[in-house]
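Undergrad: Sharing a structure here in structure tokens format.
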């Protein structure tokens, strides 16, 4: 019989790592430089607006029929502004660095013990090619009532709807991550809802906030529809910048989603096959950089004003469309003192077939954006009137509950 | 030079090898560099929170523990996603331990270790391979010292039991793979 002391000696000798084989091949300064460069891209093109609050960028672009609470309002405003900065800055970061080809450094030139770059090239294709192909079965119905959601920067997020759709994204799939869709049956939906409620985070007396839609995630958040039909949210559940340093309840529900296929019976799924999320609606929004050499001069352009700058066939497709505006929220300067630009992010939200027709008006354009299908993208056109400038057009899929499906974590 | 960079340089010099070893013991070889980078990136972002002196390495182990845990979860999910989508992406590689098991005794010990649950495996690794005290193990795992001590005690006992069981089988020249292994 082996004693515990002997056992520990044996275990120590069974160490699979040979010491001394992991000496760094670069000095600290070089390593740090690579870490920072890597982080800039791995975090999907994130602009360093405010590291603690801007990494995640899911934005409610729809006006709500209900009054937003003041807390919710500033969160939306902050994230909306941050999101536009994120996208806008990323466009220019990428363009400046490599002429339009996104590179994803993770590893390689400095040996096995230092992070160095490998490169993934995002194909530069015309806008229409980045949309669901004609004839693709789109996610239906076009709109959906959210039942539960959980998201954490640098990790992923999940949005579950009453009709059973589970739409999510997982950062483990970077750079080929995508919005994906599965579908649960009623029992599956209820099981997830109960799993959220079982965390105790939404018990009476807990500081949950009733919201009309899930708030953006300056760190991490979870929300669920309670037994009374109210949508309750807990926000900022990250304890720090480490994506895994989150509140145990958020960790629990994220893990629950990640392991859902093994947590619930097969017959609680309607379709457990993971498919690309083919959005039924897309947003079209616009930004411009007033100083081509200054990343801080990115400005959102009012959608109606931008429409007037578009080639006539493209503009005609948007005629009669009213932009969904966030002007009211974004102009709440007291809520977001970091916003001094005064821009008012808004977007046209159109059915996917209209989005495709719009994109087809730019057959010569080459898009940029994160790799992977089922994602957003953008391209820039030259504008000559009223003055020579450029206009960047962004297209992002919409979530069924009306958020722009934009993920920067 | 910014004081944060000076602190980072000191942390890098002191901790790179042990953190790299830590990740190598727990991840497939092609995931190690990313995990090390994530650990040091977290340290850089929180450089003012990193304790001084010897406590810095324990703090780094605590970060690495969480990074590695996330990589495991992510890898499992990633694999399922990629299988479903019939992607050609293949980022898995042989585990470090598969490459480095040297000799039957170590093989037997590791086979026994693999039969324990994750919590027990981790506490044993931290003590035997990272040479941490029970108090430091508690810090890394984010649990009370008493709980760490109790967990270690149980883990040792179970490891010895599994080892003896395997050893008795090994006498007939056969080491059974851990349950569930292919």
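Per-residue answers, yes or no, for (1) surrounded by 21 or more Cβ atoms within 10 Å (Cβ to Cβ); (2) touching a residue at least 40 places away in the same chain (Cβ under 8 Å):
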residue	(1), (2)
B:123	yes, no
B:136	yes, yes
B:141	no, yes
B:149	no, no
B:155	yes, no
B:159	yes, yes
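Undergrad: Going by what's in this entry, would residue B:171 be described as away from chain A (no Cβ under 13 Å), modelled with pLDDT of 85 or more and farther than 19 Å from residue A:4 by Cα? Spell out how you get there, then give the answer.
TA: Values: away from chain A (no Cβ under 13 Å): yes; modelled with pLDDT of 85 or more: no; farther than 19 Å from residue A:4 by Cα: yes.
The answer is no for residue B:171.
Undergrad: Does residue B:34 meet the test of being at the interface with chain A (Cβ under 7 Å from one of its Cβ atoms), part of a helix (DSSP H, G or I), closer than 30 Å to residue A:276 by Cα and modelled with pLDDT under 90?
TA: yes
Undergrad: Still on this structure, I have one more. Could you check how many residues of the stretch B:114-149 are farther than 21 Å from residue B:66 by Cβ and within 14 Å of another protein chain (Cβ to nearest Cβ)? Even if it seems obvious, please write down each step before you answer.
TA: Of the stretch B:114-149, the ones farther than 21 Å from residue B:66 by Cβ are B:114-115, B:146, B:149.
Now restrict to residues that are within 14 Å of another protein chain (Cβ to nearest Cβ): B:114-115, B:149.
Count: 3.
Undergrad: Evaluate the stretch A:256-267: report whether one residue or more is modelled with pLDDT of 90 or more, touching a strand residue (DSSP E or B) at 6+ places or on another chain (Cβ under 6 Å) and surrounded by fewer than 17 Cβ atoms within 10 Å (Cβ to Cβ).
TA: no
Undergrad: Hey, could you check the stretch A:212-240 for residues that are surrounded by fewer than 20 Cβ atoms within 10 Å (Cβ to Cβ) and within 14 Å of chain B (Cβ to nearest Cβ) and say which is modelled with the highest pLDDT?
TA: Within the stretch A:212-240, the match that is modelled with the highest pLDDT is A:239.
Undergrad: I need the full set of residues from the stretch B:11-21 which are touching a residue at least 40 places away in the same chain (Cβ under 8 Å) and over 12 Å from the mean Cα position of the chain (by Cα), in order please.
TA: Listed by number, the residues that qualify are B:11, B:14, B:15.
Undergrad: Would you mind stating whether residue B:49 is within 9 Å of chain A (Cβ to nearest Cβ) and either under 18 Å from the mean Cα position of the chain (by Cα) or closer than 17 Å to residue A:26 by Cβ (or both)?
TA: Numbers: within 9 Å of chain A (Cβ to nearest Cβ): yes; either under 18 Å from the mean Cα position of the chain (by Cα) or closer than 17 Å to residue A:26 by Cβ (or both): no.
Spelling it out, it is not the case that residue B:49 is within 9 Å of chain A (Cβ to nearest Cβ) and either under 18 Å from the mean Cα position of the chain (by Cα) or closer than 17 Å to residue A:26 by Cβ (or both).
Undergrad: For the stretch A:5-28, give me the residue count where each residue is exposed (fewer than 15 other Cβ atoms within 10 Å of the Cβ), modelled with pLDDT of 85 or more and within 7 Å of another protein chain (Cβ to nearest Cβ).
TA: Result for the stretch A:5-28: 2.
Undergrad: Something else: Return the residues of the stretch B:22-58 that are without any contact (Cβ under 8 Å) to a residue 12 or more places away in the chain and surrounded by 22 or more Cβ atoms within 10 Å (Cβ to Cβ); say none if nothing qualifies. Give the derivation first.
TA: Step one: list which residues in the stretch B:22-58 are without any contact (Cβ under 8 Å) to a residue 12 or more places away in the chain, which gives B:33, B:37, B:41, B:45-46, B:49, B:51-55.
Answer for the stretch B:22-58, where residues must be without any contact (Cβ under 8 Å) to a residue 12 or more places away in the chain and surrounded by 22 or more Cβ atoms within 10 Å (Cβ to Cβ): B:33, B:37, B:41.
The values are calculated or read from the model by the stated rules, or taken from the named source; none is laboratory data. Everything quoted here is computed from the prediction, not taken from an experiment. FYI the Cβ positions are ideal-geometry reconstructions off the backbone, even for glycines, and counts take in every protein chain you see.
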